[in-house]
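All remarks here apply to the structure that follows.
The values are calculated or read from the model by the stated rules, or taken from the named source; none is laboratory data. None of these values were measured; they are calculated from a predicted model. Cβ sites come from the backbone with ideal geometry, for glycine too, and all protein chains shown count toward neighbours.
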């Protein structure tokens, strides 16, 4: 008997507005939309995994929204702080 192991991919469905917005932002700075989104992937997955260990009853969709909003808020605060310093 042979066992065939196929690679598994997670697929995230992004709305047209969100994708076009990230595509526009990425294009403005000379980065591909996929590259732009891949920059968000690792911290987002890490945040969801960490939160899911503590908040077991909350669906993954809500955890990912919360994690993404925390990432964007932290990035915005860092930007303001760095802009003030420089």
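Worth pointing out:
- Whenever a residue of the stretch 33-58 is touching a residue at least 24 places away in the same chain (Cβ under 8 Å), its partners that are in a helix (DSSP H, G or I) and surrounded by fewer than 16 Cβ atoms within 10 Å (Cβ to Cβ), lying with C-beta atoms within less than 6 angstrom and at least six residues away or across chains, give the pairs 43/71; 44/68.
- Flag for residue 17 being part of a helix (DSSP H, G or I), loosely packed, with under 10 Cβ neighbours inside 10 Å and modelled with pLDDT under 80: yes
- So residue 68, is it assigned to a helix (DSSP H, G or I) and touching a residue at least 24 places away in the same chain (Cβ under 8 Å): yes
- Subset of the stretch 46-62 [surrounded by 10 or more Cβ atoms within 10 Å (Cβ to Cβ) and either part of a loop (DSSP other than H, G, I, E, B) or modelled with pLDDT of 85 or more (or both)]: 46, 47, 48, 49, 50, 51, 52, 55, 58, 59, 62
- Among the residues of the stretch 20-45, the one identified as part of a loop (DSSP other than H, G, I, E, B) and surrounded by 12 or more Cβ atoms within 10 Å (Cβ to Cβ) is 31.
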